Amino acid sequence: MHTYLVTGGCGFIGVNFVRRVMETRPDWRLINLDALTYAGNFGSISDLDGGRHRFVHGDITDGDLLKRIFDENEISGVIHFAAESHVDRSILGPAAFVDTNVTGTFKMLQAGLEAWKAGRVAPGFRFLHVSTDEVYGSLGAEGSFTETTRYDPSSPYSASKAAADHFVRAYHRTFGLPTMITNCSNNYGPYQFPEKLIPLIIFNILNEKPLPVYGDGSNVRDWLYVVDHCDALLTVLEKGSPGETYNIGGGEEKKNIEIVHILCDLVDQRLNRPSGTGRKLITFVADRPGHDLRYAIDASKIERELSWRPGVDFEEGIARTIDWYLNNMDWVESITSGEYHGWVNENYGSR
């Protein structure tokens, strides 16, 4: 068995990655380290095999805990998801983003470095840092982000992720730690916390609440189905070269207002509501400060060098996503009611 340390494995992408590994890598054992802050949901992984999936409730800023994990396990690799990730929250409270995304990543790198230098990791050890295309800033009407695009973050969130990327790259260049970085486009799919655009719009349509759209809805994002992203990360972990950065994108550019229209129409169809019911709920709100106009990923490097490409187009992926939420309303209710935090409170005390 190969043992991998996953940080933030109870968050949206982390949950999907953990579940994908359980499905496709029978010789892998995962240690899932998560602080279970507001966006972490233990209920999303509570059904997994305890023999191959071990949950550890803890913070990536806790250096003693990280050392203990590395001391007690021969770690084959780290997949570092743990991060504060919501732009709006970073504008209201940037300090948490510095603590988790910058300091936390530094603590992870330092713990990994010490174990690696001491020979306490498995042969072929890799440290994979999962980042975002937002570190590159905003594009105009043309062009795409490549791995050599200059960093130009616009929000406290993207600035904190950019700083983390720089630390990861520096630990490879300075110490030789075998790190890799991935920068992905906007993910969507099952288990996403409802503050993000797609689940928020789905939930509000279901409950006939206003559908908030920033500005005129013309901001463009490149959308990537989360399971495709997980497969790309596994490909990078198993085939990627230390010191390299790989951009991961879905090749599905959509304006925000297009996404909202698609969701309105598809949810109306599934609920047998009259056409246009959902669209009547659209409410344009004041634009977000520093709102980047457009993101687009050039994923040709990972396709060329590692033979990965997305397998799920947006039409199929968004249909799967809507159906998952409609078929898992108990999960949705546990989030909206706050019940999902009961496990933490019961087992560890309120955080």
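Bear in mind these aren't lab numbers, they're just calculated from the coordinates by the rules spelled out. Predicted model, so just to flag it, every value in this text is computed and none were measured. Here Cβ is always computed from backbone atoms with ideal geometry, including for glycine, and neighbour counts include all displayed protein chains.
Helix 63-72: angle to the longest alpha-carbon principal axis of the chain, degrees 0 to 90, nearest 10?
60
Using Cα atoms only, what is the angle between the long axis of helix 314-327 and the major principal axis of the chain, expressed in degrees (0 to 90) to the nearest 10?
Value to nearest ten degrees: 90.
Starting from the Cα of Val285, move 7 Å in the Cα-to-Cβ direction to define the label point; list residues of segment 185-200 whose amide nitrogen is under 17 Å from there.
193-200
Please list log₁₀ I(q)/I(0) at q = 0.18 Å⁻¹ for segment 202-351, using the Debye equation with identical point scatterers on the alpha-carbon positions.
-1.14
Just check segment 18-133 against the gyration tensor rule for me: Cα atoms, a ≥ b ≥ c as the square roots of the eigenvalues, rounded for a/c under 1.5, and otherwise prolate or oblate depending on whether a/b exceeds b/c.
Values: a/c = 1.88, a/b = 1.23, b/c = 1.53.
Oblate, since a/c reaches 1.5 and b/c is not below a/b.
Report the Cα centroid-to-centroid distance between segment 118-143 and segment 199-214 in angstrom, as an integer.
About 32 Å separates the Cα centre of segment 118-143 from the one of segment 199-214.
How much of the DSSP beta bridge set in the chain is antiparallel, as a percent to the nearest 5?
Numbers: 3 of 43 bridges.
Of the beta bridges lying entirely in the chain, close to 5 percent run antiparallel.
Say R0 is 30 Å: what FRET efficiency, to the nearest 0.05, do Asp64 and Lys117 get from their beta-carbon distance? List each step's numbers first, then the result.
Details: r = 18 Å, r/R0 = 0.60.
The pair Asp64/Lys117 has a calculated efficiency of 0.95.
Please tell me which of these pairs span more than 24 angstrom C-alpha to C-alpha: Lys161/Lys301; Lys117/Lys301; Lys255/Lys280; Lys161/Lys209?
Numbers: Lys161/Lys301 21 Å; Lys117/Lys301 30 Å; Lys255/Lys280 18 Å; Lys161/Lys209 33 Å.
Beyond 24 Å between Cα atoms: Lys117/Lys301; Lys161/Lys209.
Label Glu23 and Trp324 with points 7 Å out from Cα along Cα→Cβ: what is the distance between them in nm?
Once both label points are built, they end up 0.8 nm from each other.
Does anyone have the angle between helix 105-117 and the longest principal axis of the chain? Alpha-carbon axes, 0 to 90°, nearest 10?
30
Looking at the chain as a GNM with Cα springs under 10 Å, which of Asp313, Asp231, Asp47 has the largest mean-square fluctuation?
Asp47
Give the relative contact order (percent, whole number) for segment 140-279; include only Cα pairs under 8 Å separated by 6+ residues. Let's see the in-between values first.
Values: 154 pairs, mean separation 38.6, N = 140.
The normalised contact order for segment 140-279 reaches 28 percent.
Assuming R0 = 45 Å, can you tell me the calculated FRET efficiency for the pair Ala95 and Glu315, based on Cβ-Cβ distance, to the nearest 0.05? Write down the numbers at each step before the final one.
On the way: r = 40 Å, r/R0 = 0.90.
That pair, Ala95 with Glu315, gives E of 0.65.
Give the separation of the Cα centroids, segment 165-184 to segment 1-61, in Å.
23
Using label points projected 7 Å from each Cα along Cα→Cβ, tell me how many nm separate Arg173 and Lys255, to one decimal.
It works out to 4.0 nm between the two label points.
Dividing the alpha-carbon radius of gyration of segment 272-327 by 2.2 N^0.38 Å (N being the number of residues), what value is obtained? Display every interim value, and only then the final one.
Details: Rg = 17.7 Å, N = 56, 2.2 N^0.38 = 10.2 Å.
Against the empirical 2.2 N^0.38 Å value, I get 1.74 for segment 272-327.
Convex hull over the Cα atoms of segment 217-303, averaged projected area in nm²? Intermediate values should be presented prior to the final figure.
Values: hull surface 31.4 nm².
That works out to 7.8 nm².
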